[in-house]
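Okay, structure first, notes after.
The values are calculated or read from the model by the stated rules, or taken from the named source; none is laboratory data. Note that the structure is a prediction, hence the values are computed from the model and not measured. Here the Cβ positions follow ideal geometry from the backbone for every residue, glycine too, while neighbour counts run over all protein chains shown. Note: areas computed on protein heavy atoms with side chains; ligands, DNA, RNA excluded. Shrake-Rupley method; radii C 1.70, N 1.55, O 1.52, S 1.80 Å.
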Amino acid sequence: MAGICDNARMTIVADPTDADVVIVNTCGFIDDAKTESIDTIFDMAGLHRPMLIVCGCLSQRYGSELADEMPEVDYFLGVNDYERLPEIIEGTGSGDERICIGSTPECFTEFSARRLGGNPYSATLRIAEGCNNCCAYCVIPQIRGRYRSRKMENIIAEADQLAASGTRELLLIAQDVTEYGRDLYGTMKLPELLRRLCQIDGIRWIRLMYCYEDKITDELINVMAAEEKICKYIDIPLQHFSDDVLKSMRRRSTSASIKDTIARLRSAIPDIHIRTTFITGFPGETESDFEKLADFAEETRFERLGVFAYSREKGTPAGDMECQIDEEIKAERADYIMRHQVDISREINEDKIGSIMEILVEGVDDENGYGADSGNSEGAAYIGRTEYDAPEIDGNVIFTVSERSEPLKPGDFVKVRIDDAFDYDLVGTLIE
């Protein structure tokens, strides 16, 4: 959206009170996200800007209902209608409709422009849109439509442009990254795409997000193991471990296939860090089901783990199921797993003490009083990430730098000795 507005010679401002038009991009996936989106809309409406536009999943899913309840909002745009922003803002559209939600396209639609954010050294690279998995708890197929792979040559072209603009880390994203290519080419093409992306000069790290366990093939694992640019990191939202719950969720994974995939990954890539997420309190989840999940989490010792209490969504098969779990029980079960995960995470981090790790610098660590101009006699401190940490999701590395060192820039890669470890973050010293 920012790129489209740039192309239309509009200026993006940091402070909404300085704007003539405020655009709120929303999520409509779970209750917490919807609540945050609605709160933000009302906050922006209170600024009394000349124009307020609401975009994204919440608009796509509830556009008509929101229009009735939010007269403060001038326009609602769906997830496939961002190209209409200039005509709406400039008032050059052919109609005066307030709800602008088009139909889902049959193939991947390329956007006319893109604007990199404040950290151009790390960028997402979308390889597909939509989802065919139709899990029982999820509304994404209703919001985003069927799975639509992006043409490989267009992905490579954008990656080339990103590298030329200073991007060093690519995060491959889609609702299901592992499904890539089946609809376009008749077979899953993620391994081939990865090999081609690894040939791009300037790209240092390639990170895989949102991989489905049942589609992690030996070919994909072999490519990950062979290509140095692919981070030894993979995000696999498993959601559960009990076969009964997985079946009720309409997941294709089983407890046996999950164990096998984890074993294959760790055998081929011994230092791989696996991120996963679980859902607790899915309708019908028994105490025995939960114990299987909790035991599995403790035995497997995931390097990165998040747990969500199940969110009941209207219009989903799970939302209509009987045997809904009490909200307090859902939360207690999520908290139980996360309390144990804190100890696991800290122990895994402690094993890194004394090692030398490559760090992607993200900026100066002002929060801990080590700003570049702080005058601290021990030098400045910076914040960065390892290849085992995705931005804004996983932990950070705080490291000190000698006063004799040249200032570091976001996007630099440096070697850091790890001196200390906490639950999720590491502390270290730059190796000159």
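What is the one condition in (1) among the hydrophobic types (A, V, I, L, M, F, W, C); (2) open to solvent by less than 10 Å² (accessible area, probe 1.4 Å); (3) free of Cβ contacts under 8 Å to residues at least 60 places away in the same chain that M188 does not satisfy?
(2)
What number of residues within segment 215-240 are open to solvent by 30 Å² or more (accessible area, probe 1.4 Å) and either of a type in the set (K, R) or under 14 Å from K292 (Cβ atoms) (or both)?
Number of matching residues: 2.
Give the residue that is farthest from K314 (Cα to Cα), with candidates limited to residues of segment 11-70 that are among the charged types (D, E, K, R) and under 24 Å from the mean Cα position of the chain (by Cα).
Filtering first and then ranking leaves D39.
What helices (runs of 4 or more DSSP H), lying completely within segment 209-277, carry at least 3 residues that are more than 24 Å from E192 (Cβ to Cβ) and either without any contact (Cβ under 8 Å) to a residue 40 or more places away in the chain or β-branched (V, I, T) (or both)?
Ranges flagged: 243-249, 255-268.
So E87 fits all but one of (1) open to solvent by 70 Å² or more (accessible area, probe 1.4 Å); (2) out of contact with any helix residue (DSSP H, G or I) (no Cβ under 8 Å at 6 or more places or on another chain); (3) not in a loop (DSSP other than H, G, I, E, B); what number is the exception?
Condition (1) is where E87 drops out.
Any idea which of (1) of a type in the set (D, E, K, R); (2) under 17 Å from D32 (Cβ atoms); (3) within 26 Å of the chain's Cα centre (by Cα) is the one E298 doesn't satisfy?
For E298, the exception is condition (2).
Considering each residue of segment 24-63, count those that are part of a helix (DSSP H, G or I) and touching a residue at least 60 places away in the same chain (Cβ under 8 Å), and give that number.
Looking only at that region, the number is 5.
Take A163 and tell me if it is modelled with pLDDT of 95 or more, open to solvent by less than 10 Å² (accessible area, probe 1.4 Å), part of a helix (DSSP H, G or I) and of a type outside the set (S, T, N, Q).
Criteria not met by A163.
Would you pick out the residues in segment 307-318 that are open to solvent by less than 60 Å² (accessible area, probe 1.4 Å) and either in a loop (DSSP other than H, G, I, E, B) or touching a residue at least 40 places away in the same chain (Cβ under 8 Å) (or both)? Can you show your working first?
Of the residues in segment 307-318, the ones open to solvent by less than 60 Å² (accessible area, probe 1.4 Å) are 307, 309-311, 313, 315-318.
If the condition is that a residue be open to solvent by less than 60 Å² (accessible area, probe 1.4 Å) and either in a loop (DSSP other than H, G, I, E, B) or touching a residue at least 40 places away in the same chain (Cβ under 8 Å) (or both), then Y310, S311, E313, G315, T316, P317, A318 are the ones that fit.
State whether the residues of segment 91-103 include one that is open to solvent by 30 Å² or more (accessible area, probe 1.4 Å) and in a strand (DSSP E or B).
Yes, segment 91-103 has at least one match.
I'd like the residue in segment 135-162 that is within 19 Å of the chain's Cα centre (by Cα) and among the hydrophobic types (A, V, I, L, M, F, W, C) and, out of all such residues, is nearest to K247 (Cα to Cα).
Here the residue is C135.
Would you please name the residue that is least open to solvent (accessible area, probe 1.4 Å), looking only at residues in segment 379-421 that are assigned to a loop (DSSP other than H, G, I, E, B) and of a type in the set (K, R)?
Among those that are assigned to a loop (DSSP other than H, G, I, E, B) and of a type in the set (K, R), it is K409.
Is it the case that some residue within segment 131-145 is assigned to a helix (DSSP H, G or I), within 15 Å of G56 (Cα to Cα) and among the polar types (S, T, N, Q)?
Yes; the residues of segment 131-145 include at least one that is assigned to a helix (DSSP H, G or I), within 15 Å of G56 (Cα to Cα) and among the polar types (S, T, N, Q).
Checking the condition open to solvent by less than 30 Å² (accessible area, probe 1.4 Å) and modelled with pLDDT under 95, which residue from V177, V139 passes?
Only one candidate qualifies: V139.
Looking only at segment 47-74, which residues are open to solvent by 20 Å² or more (accessible area, probe 1.4 Å) and touching a Leu at 6+ places or on another chain (Cβ under 8 Å)?
E72, D74
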